[in-house]
Amino acid sequence: MWSYALRRAGATAVTLAAASVIIFAFIHLIPGDPIYVMLGDSATPDQVETVRHTLGLDQPILVQYAAWVGAVLQGNLGHSIFYDAPILSVIADHAETSILLASLTMVWVLLIGVPIGMVTAMRHGSWLDQGLSGLAMLLASVPTFWVGLYMILIFAAWLGWLPSSGFPSLLDEGGLANLRYLILPSITLAAPNAALILRLTRASMLDVSREDYVRTARAKGIRPWRVVTRHIFRNALLAVVSAFGFTFAALISEAVVTETEFALPGIGRLVVQSILQRDYPVIQGVVLVIVVLYLLVNFLVDISYRLLDPRVELQ
Amino acid sequence: MKSGLRGLIRGAAALVVALLTVPVSHAEAAGGTLRYAAVSEPAPLDVMLTTAGVSLVIGMHVFEALYTIDSHYQPQPMLADSEKLEDGGKTIIIALRQGVHFHNGKEMTSEDVVASLKRWAQYGVRGKLLFTEGSSVEATGKYEVTIKLPVPNGAWKNLLAHLEGGPAIYPSEIASKATEKPIEQADYIGTGPYMFKEWRPNRYIEIDKFDGYNARSNPGDGYSGKREANFDSIRFIPVPDVGTRVSGIQAGDYDYAETISGDLYDQLSGDASVKVVKAGAPLFGLFFTNSKAGILKDNFKLRRAIEMAFCRDDALRVSFGPQALWNAQGSIFPPGNFWYSTAGTDKYNECDPAGAKALAKEAGYDGTPIRLLTSTNYQTHYDQATVFVQQMAAAGINVQMIVVDWATLLKMRGQPEQWDMFITHHGGPPDPILLTFLNEGYPGWWTTPEITALRKEFTSTADITARKAVWDKIQTLYYEQTPAIKVGDAYSFDIVSPKVQNLVSPLFWPVFFNASFK
């Protein structure tokens, strides 16, 4: 177990180094100029060149890369051109929203996707299975921006039950109650992901339920619900856990449409905005953090296999 | 497992009930916080260095200049008290108001004004339009500054009044150390009725009422006169989605939302839950032509053919919707403005594809693609470009759209070999000299001998009647040489909660001096 973990950590470091080159190269290959965006439409070429020099963006790309990697290794992700703030603090501020949004979304996904997936698998072929599977398909097909739009209209503009947009930090006035700002966006994001987990749970349980050991358990007279929970569900969880891990990571980095629609200060929106403004240090910093997050999730998912199923050998 | 799942379900249900029972705070007491839903995050708030709209909306409340604009777009004193011209307009002596304080408590004196004007002259977006080679500014008293120019500049007061890339007055200790790089947030210190409090990226920028503000005594008129901060604070919240901005006002989450799309104008005009605020001054789209390189360089006949083929009504209808929001008229400045002129406008909106085809042939056009740079960041640019391309095709002119994002367009347009035309938009400035197509360094590079001579004639006299006569000649030349093709006047609109009262009609940007909650 420990040697496996060490080997994986080494591989992760190599992947990270390769990712840093790719991140830096791709970002600087995009055409466009942060200085023009910063100074506005009427800036003269002289002004642009002067600011470019001040920010060090006129240096050769290899010099810029070396300076960036050197700073990152010392724990300094750099300074945002636009926000005039250290990138770590910008990311931390946005990470709070993204982590809370992803967590709340996963709660809905777990509460909706897994139980209904179990029910549909157990009632395989029944009208209930057909109906709920059809509903899942519908939820997976409807664009999230459409769901979000109607969520805002109905629950914020018409009923006035929940805020339409924005998210004050939990550290701000309101504290935990500020989580209400995330209810509509998290339900919006949960809709397609719950459908995915539902179908995955259903398919995985159906596969496992056809295994010999399940038949044996039933033949031994074990109660049906116990067979489902102890023998089928636990073994079906492997695939579901993998999907959970990557869905969570994806929600942190890719929820940009929902974050934009609900004006949430999340990581996805920060990335897109930084790309549009060509705020290179922020893009590099955020993408690097996201890569680390994916690698970490991948690592944890692999380790969790062993915990879920002792038969799995980690090599 | 079973009991764990049940516990989770119970916990989540309890959380939802708890959160739903927390009242959503809508009501704002008098004073209170005005919540402004902005299209995006602003660029840095150093208004000397930026012309970005959102930055200016915020900057107008924090910073002030020596002059500002009244409701008739005429310059009026703000931090200045009075002025006198000597030496035929080459020497401008400005007396400053006394008792004006910065947000850090320091009293404003000529030292601050001189340091600010020097920084603006050196690095400001528009500084060199006033401070040309041989100009100077110096303190000639604690509350008096003197500007000396090598030649008279008729636009001097307008240049000192326009805050967009303009001469905001900062404390001398900040202005004198400031360089070409935007000043830091800690240095956002002005003399305005609101002071900068904090910037939380993608959450909000907050400005608070400045208790030490010394308002002018004359009544408010446009941006001029008495400015009173009635809100305790104003929060500028980036809300990029227009649907969310509208729903947010209806839900009571915001009090003011900027830049609503034209297709919602009729619906929102009849909605009692919001008030529509139409811009006082129009924006206009401009297709710039390349005078430095490519197929359109020096080919005024081909440019005229393009102008002739372009039907503005279609482009404006597609991009802005109801006719209440646009006006297809050829004067660069709108009707009612001092600089409004019909000179040369007989060539505007001719909408004659057959005539254009013949003229293009006469110009030697052989079907070579004309490269048009456009961006999808501004939907109206893209819509207008799409209509434009189709109309050109009907006249036998082959326009090839190059669609990029705005940051790329800004970079590409600085490289003359990359494009023949690009589209952008322009607000009506207080003085024609601020028009980008008159700036010889601006992409397009209109530097023919005729415009160079007229530009010189225009700025070298302070006589307003004489300047207006020269402006008429410039507009005529504009339609002959076509350095840019004006699409038409478009009036953006914002929406505001009915509980906000005494709102000043936006001249260039919305401002909230003197406004309050009911």
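Taking the numbered list (1) of a type in the set (Phe, Trp, Tyr); (2) farther than 30 Å from B:Tyr254 by Cα; (3) crowded, with 21+ Cβ neighbours inside 10 Å in turn, B:Phe513 passes all entries but (2).
Taking the stretch B:348-382, which residues are β-branched (Val, Ile, Thr) and either surrounded by 19 or more Cβ atoms within 10 Å (Cβ to Cβ) or assigned to a strand (DSSP E or B) (or both)? B:Ile370, B:Thr374, B:Thr380 - these are the residues of the stretch B:348-382 that are β-branched (Val, Ile, Thr) and either surrounded by 19 or more Cβ atoms within 10 Å (Cβ to Cβ) or assigned to a strand (DSSP E or B) (or both). The residues listed here are A:Leu88, A:Leu128, A:Leu110, A:Leu153; of these, the one that is within 13 Å of chain B (Cβ to nearest Cβ), in a helix (DSSP H, G or I) and within 30 Å of A:Asp207 (Cα to Cα) is A:Leu110. Consider the stretch B:433-468 and keep the residues that are among the aliphatic types (A, V, I, L, M) and surrounded by fewer than 17 Cβ atoms within 10 Å (Cβ to Cβ). The one that is nearest to the other protein chains (Cβ to nearest Cβ) is B:Ala453.
For (1) within 27 Å of the chain's Cα centre (by Cα); (2) closer than 17 Å to A:Thr44 by Cα; (3) in a loop (DSSP other than H, G, I, E, B), each residue gets a yes or a no:
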| position | (1), (2), (3) |
| --- | --- |
| B:Val125 | yes, yes, yes |
| B:Lys128 | yes, yes, no |
| B:Ala139 | no, no, no |
| B:Thr146 | no, no, no |
| B:Val151 | no, no, yes |
| B:Asn158 | yes, no, no |
| B:Gly166 | yes, yes, yes |
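Only one of the listed residues (A:Ala236, A:Ala219, A:Ala249, A:Ala191) is among the hydrophobic types (A, V, I, L, M, F, W, C) and either facing chain B (nearest Cβ under 9 Å) or more than 23 Å from A:Pro115 (Cα to Cα) (or both). That residue is A:Ala219.
Just to be sure I understand, how many residues within the stretch A:115-125 are in a helix (DSSP H, G or I) and either buried (at least 23 other Cβ atoms within 10 Å of the Cβ) or more than 12 Å from chain B (Cβ to nearest Cβ) (or both)?
Within the stretch A:115-125, the subset in a helix (DSSP H, G or I) is A:115-122.
Checking which are either buried (at least 23 other Cβ atoms within 10 Å of the Cβ) or more than 12 Å from chain B (Cβ to nearest Cβ) (or both) leaves us with A:116-117, A:119-122.
Adding up the residues that qualify gives 6.
The set of residues in the stretch B:301-328 being under 30 Å from B:Glu417 (Cα atoms), of a type outside the set (A, V, I, L, M) and surrounded by 17 or more Cβ atoms within 10 Å (Cβ to Cβ) consists of B:Arg303, B:Arg304, B:Glu307, B:Phe310, B:Cys311, B:Arg312, B:Ser319. Please tell me if B:Gly105 is part of a loop (DSSP other than H, G, I, E, B) and modelled with pLDDT of 95 or more. When the stated conditions are applied, B:Gly105 passes them.
For B:Arg303, the conditions (1) closer than 28 Å to A:Ile154 by Cα; (2) part of a helix (DSSP H, G or I); (3) not aliphatic (A, V, I, L, M) all hold with the exception of (1). Sort out which residues of the stretch A:50-80 are assigned to a loop (DSSP other than H, G, I, E, B), more than 9 Å from every other protein chain (Cβ to nearest Cβ) and not polar (S, T, N, Q), and write them in order of number. Listed by number, the residues that qualify are A:Gly56, A:Leu57, A:Asp58, A:Pro60, A:Gly75, A:Leu77, A:Gly78.
Identify all residues within the stretch B:201-215 that are crowded, with 18+ Cβ neighbours inside 10 Å and assigned to a loop (DSSP other than H, G, I, E, B); write none if there are none. B:Pro201, B:Asn202, B:Arg203, B:Phe210, B:Tyr213 - these are the residues of the stretch B:201-215 that are crowded, with 18+ Cβ neighbours inside 10 Å and assigned to a loop (DSSP other than H, G, I, E, B). Contact map, the stretch A:151-171: residues that are touching a residue at least 60 places away in the same chain (Cβ under 8 Å) and more than 26 Å from A:Ala92 (Cα to Cα) paired with residues that are polar (S, T, N, Q) and assigned to a loop (DSSP other than H, G, I, E, B), Cβ distance under 9 Å, separation 6+ or inter-chain. Pairs shown: A:Ile152/A:Ser164; A:Ile152/A:Ser165. Inside the stretch A:131-150, residues that are at pLDDT 90 or above and outside any helix (DSSP H, G or I) make up a count of 0.
Of everything listed in (1) surrounded by fewer than 19 Cβ atoms within 10 Å (Cβ to Cβ); (2) of a type in the set (A, V, I, L, M); (3) in contact (Cβ under 8 Å) with a residue 24 or more places away in the chain; (4) away from every other protein chain (no Cβ under 14 Å), the single unmet condition for B:Ala272 is (4).
Of the residues making up the stretch B:449-461, those that are within 25 Å of the chain's Cα centre (by Cα) and either farther than 30 Å from B:Glu86 by Cβ or not in a helix (DSSP H, G or I) (or both) number 1.
When B:Ser82, B:Ser71, B:Ser55, B:Ser110 are screened for being of a type in the set (S, T, N, Q), modelled with pLDDT of 80 or more and touching a Pro at 6+ places or on another chain (Cβ under 7 Å), only B:Ser55 passes. Just one of the numbered conditions (1) touching a helix residue (DSSP H, G or I) at 6+ places or on another chain (Cβ under 9 Å); (2) more than 29 Å from B:Ser55 (Cβ to Cβ) is not true of B:Ala272: (1).
Within the stretch A:97-120, is there a residue that is at pLDDT 90 or above and of a type in the set (Phe, Trp, Tyr)? Looking for residues that are at pLDDT 90 or above and of a type in the set (Phe, Trp, Tyr), one finds at least one in the stretch A:97-120, hence yes.
The residues of the stretch B:190-206 that are within 22 Å of B:Glu173 (Cα to Cα) and touching a His at 6+ places or on another chain (Cβ under 8 Å), listed by number, are B:Gly190, B:Thr191, B:Gly192, B:Pro193, B:Tyr194, B:Met195, B:Phe196. The numbered conditions (1) surrounded by fewer than 22 Cβ atoms within 10 Å (Cβ to Cβ); (2) touching a strand residue (DSSP E or B) at 6+ places or on another chain (Cβ under 8 Å); (3) in the same structural domain as B:Gln384 (by TED's automatic domain parsing); (4) not β-branched (Val, Ile, Thr) are all true for B:Pro506 except (3).
When B:Lys181, B:Lys177, B:Lys226 are checked against the criterion of being within 13 Å of chain A (Cβ to nearest Cβ), of a type in the set (Lys, Arg) and assigned to a loop (DSSP other than H, G, I, E, B), a single residue qualifies: B:Lys181. Only residues that are farther than 16 Å from A:Thr105 by Cβ and at the interface with another protein chain (Cβ under 9 Å from one of its Cβ atoms) were counted in the stretch A:160-171, giving 8.
For the stretch B:469-490, the set of residues classified as buried (at least 19 other Cβ atoms within 10 Å of the Cβ) and either among the polar types (S, T, N, Q) or under 30 Å from A:Ala157 (Cα atoms) (or both) consists of B:Gln475, B:Thr482, B:Ala490, listed by residue number. Each residue in the stretch B:38-64 was checked for being in contact (Cβ under 8 Å) with a residue 24 or more places away in the chain, part of a helix (DSSP H, G or I) and either acidic (Asp, Glu) or within 10 Å of chain A (Cβ to nearest Cβ) (or both), and 2 of them qualify. Checking each residue in the stretch B:193-223 for being β-branched (Val, Ile, Thr) and away from every other protein chain (no Cβ under 14 Å) picks out only B:Ile207.
Can you confirm whether B:Thr345 is away from every other protein chain (no Cβ under 14 Å), in contact with a His (Cβ under 8 Å, 6 or more places away or on another chain) and either buried (at least 20 other Cβ atoms within 10 Å of the Cβ) or closer than 25 Å to B:Asn299 by Cα (or both)?
Working: away from every other protein chain (no Cβ under 14 Å): yes; in contact with a His (Cβ under 8 Å, 6 or more places away or on another chain): no; either buried (at least 20 other Cβ atoms within 10 Å of the Cβ) or closer than 25 Å to B:Asn299 by Cα (or both): yes.
The answer is no for B:Thr345.
The values are calculated or read from the model by the stated rules, or taken from the named source; none is laboratory data. These numbers come from a predicted model, not from an experiment. Note that we place each Cβ from the backbone using ideal geometry, even for glycine, and neighbour counts take in every protein chain shown.
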